[in-house]
Amino acid sequence: MLSTQTQLLRLSQGQLNLLESCPRQFQHTYLEQLHSPSDPEHEERLALGSRFHLLMQQREMGLPINTFLQADTQLQSWMTAFADAAPEILTPVPNTQTFRASEHYRTLQVQDYLLTVVYDLLSADNQQAQIHDWKTHSKPPNKRRLEQNWQTRLYMYVLAETSEYSPENISMTYWFVQSDGKLQSIKFSYNKIDYEQTAKKLSQLLGKLTKWLGGYQQGKEFPQVPEGSKACDYCQYATRCDRRLGTSQKMSGTNSPSGVDTTLLNVATIQEISL
Ligand code: SF4
């Protein structure tokens, strides 16, 4: 008997962001793995961010972290910022029936795709569930922009779909710890309208992806954004796409000395959030 099992393609929020901003960029990055390595300074920032995530996880698990803090003043300052501004995040109220899990992983199948989320911290009681996300690599972005980012949309949607919580009882907070030790947060409350909009958008985007993947197997490339799009100004595939001059450069008639767009999209940021 023939197997009818379908192979699921795993997708993260970063991949959805890229797919939505430019399908051709998604093709080059994920199907063809053409992306350039990121610059060492950015790599260092990412490594520091990863260490902070690990530290928060170890702390949540009750493992000692003092040795790591003593060895790194930046981590120490971030942890102090948290302890001062949001002590409830580090130290849950005792004797409460709160579920807490760090680096909490969930998946949801939609069409032939397995949508994957990892919550830095999920805390929940019998009333509500809160997703927390640590950001160490940037200043807080515009709230509207962050709301539209697939991380916000997907993370709350997946929780609503995979738990008993109604959308109104789900929230997500981004915590921005910055190099000067300041802590800022942006919180989103969820609701049924946003939930339904995300379901619709996801279905449309994944439907398009299925069509583009089918075309790609027949030798057809994924669509590009229209000529003159801002996205091309900062894209590492500009030469490949023959979009060497960005809109603003075309307007002013200026270009980099070599005639090549030297601004690289930092692919590594895709894994976190494009801000
Ligand atoms: S250069 Fe423009 S069209 Fe080409 S992949 Fe980048 S954003 Fe898309």
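The values are calculated or read from the model by the stated rules, or taken from the named source; none is laboratory data. A quick note: this is a predicted structure, and the numbers were derived from the prediction, not measured. All Cβ positions, glycine included, derive from the backbone under ideal geometry; neighbour counts span all protein chains shown.
Structure notes:
- Flag if K139 is surrounded by 18 or more Cβ atoms within 10 Å (Cβ to Cβ) and of a type in the set (D, E, K, R): no
- Given (1) over 18 Å from K192 (Cα atoms); (2) touching a His at 6+ places or on another chain (Cβ under 9 Å), number of the condition I131 does not satisfy: (1)
- Test for E164: is it under 23 Å from L11 (Cβ atoms) and not basic (K, R): no
- Of note, R59 does not satisfy the criterion of being buried (at least 17 other Cβ atoms within 10 Å of the Cβ), among the charged types (D, E, K, R) and within 16 Å of the ligand (Cβ to nearest atom).
- Hits in segment 174-191 - residues which are more than 22 Å from the chain's Cα centre (by Cα) and over 16 Å from W134 (Cβ atoms): D180
- Every condition in (1) surrounded by 16 or more Cβ atoms within 10 Å (Cβ to Cβ); (2) modelled with pLDDT under 90 is met by L11 except one, and the failing one is (2).
- Residue selected from segment 69-84 under the condition under 24 Å from the mean Cα position of the chain (by Cα) and of a type in the set (A, V, I, L, M), by the criterion farthest from M56 (Cα to Cα): A81
- Any hit, segment 32-45, residues being within 16 Å of the ligand (Cβ to nearest atom), assigned to a helix (DSSP H, G or I), in contact with a His (Cβ under 8 Å, 6 or more places away or on another chain) and over 27 Å from Q184 (Cβ atoms): no
- Scanning segment 215-233 for residues that are within 13 Å of L18 (Cα to Cα) and more than 7 Å from the ligand (Cβ to nearest atom) yields F222, P223.
Residue by residue, here is whether (1) acidic (D, E); (2) surrounded by 15 or more Cβ atoms within 10 Å (Cβ to Cβ); (3) farther than 29 Å from D84 by Cβ holds:
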{"site": "Q148", "(1), (2), (3)": "no, no, yes"}
{"site": "R153", "(1), (2), (3)": "no, yes, yes"}
{"site": "V158", "(1), (2), (3)": "no, yes, yes"}
{"site": "S163", "(1), (2), (3)": "no, no, yes"}
{"site": "M172", "(1), (2), (3)": "no, yes, no"}
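- Checked against the criterion of being touching a Leu at 6+ places or on another chain (Cβ under 6 Å) and part of a helix (DSSP H, G or I), segment 85-106 contains one or more residues that satisfy it.
- K187 satisfies every condition listed in (1) surrounded by 15 or more Cβ atoms within 10 Å (Cβ to Cβ); (2) under 30 Å from Q76 (Cα atoms); (3) of a type in the set (D, E, K, R) except (1).
- Pair list, Cβ < 6 Å and 6+ apart or interchain, from segment 17-30 residues that are among the basic types (K, R) to residues that are more than 8 Å from the ligand (Cβ to nearest atom): R24/F222
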